[in-house]
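Contents: one structure, followed by commentary.
The values are calculated or read from the model by the stated rules, or taken from the named source; none is laboratory data. Keep in mind the model is a prediction, meaning the values are calculated, not measured. When we count neighbours, we look across all protein chains shown, and the Cβ atoms used for this are built from the backbone with ideal geometry, even at glycine. All accessible areas refer to the heavy atoms of the entire protein, side chains included, with ligands and DNA or RNA removed. Shrake-Rupley method; radii C 1.70, N 1.55, O 1.52, S 1.80 Å.
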Amino acid sequence: MRLPERLTGLSADDQGAFARRNAEKASLEELLDALGLEPLGEWALLHIVHELVQRGREILEPIEARLVARPARKAAYGLCEALIELFQETPEAQPEIIRALIRAGEEAVRAGASTSEAKTLIVHLADCARLSGRTLPEARPLALAFLDRARGESEPYRFDVSEAAFLAGDEPGGTV
């Protein structure tokens with residue numbers, strides 16, 4: 001039985017304990033599939049993300065493919081968390097990680113995702129900018145599109161809007 005099936009129906013604590021014992025043995029596909037479980041306990045999420053990061057750059061292409069295919073799905077948060085940890089541990093992968101997050105964000109905007117649905121992509125891109133200590137001019141068009149989308153929403157989440165404004169360069173017009 002695959003990891004996702006084994007985690008299904010367990011309590012959050014049991015999911016965490018099971019993931020701690022079994023994530024290392026799971027295939028990359030199983031780990032990625034497990035991130036989409038609802039509900040998935042926080043400890044299980046952390047163990048799965050940790051194991052993904054241990055696999056290094058081999059996770060980049062499969063994560064990008066999943067994020068671009070369905071950027072607003074529940075698994076996006078865990079996928080982005082794995083990318084951020086890899087971003088910190090593997091500096092040579094940083095440009096690829098930024099590109100993957102931008103591509104997924106662009107797809108989310110194209111697909112009509114709300115700011116709430118696309119927020120993890122914007123927040124994780126802002127994390128990349130802060131962690132690298134540089135602006136991400138390549139993320140500016142996405143940030144502006146996110147801000148434009150937020151203007152059309154009745155109550156966009158202010159933290160996400162501030163992260164998008166940060167990525168846009170905090171220019172006039174960069175806030176809602």
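Points to keep in mind about this one:
- Which numbered condition I59 misses (of (1) among the hydrophobic types (A, V, I, L, M, F, W, C); (2) farther than 23 Å from Y157 by Cβ; (3) surrounded by fewer than 20 Cβ atoms within 10 Å (Cβ to Cβ)): (3)
Here is a yes/no grid of residues against (1) in contact with a Leu (Cβ under 9 Å, 6 or more places away or on another chain); (2) surrounded by fewer than 16 Cβ atoms within 10 Å (Cβ to Cβ); (3) not acidic (D, E):
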{"residue": "L3", "(1), (2), (3)": "yes, no, yes"}
{"residue": "T8", "(1), (2), (3)": "yes, yes, yes"}
{"residue": "A65", "(1), (2), (3)": "no, yes, yes"}
{"residue": "A82", "(1), (2), (3)": "yes, no, yes"}
{"residue": "F87", "(1), (2), (3)": "yes, no, yes"}
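- Criterion (open to solvent by less than 30 Å² (accessible area, probe 1.4 Å) and not in a helix (DSSP H, G or I)) met by exactly one of L52, L32, L40: L40
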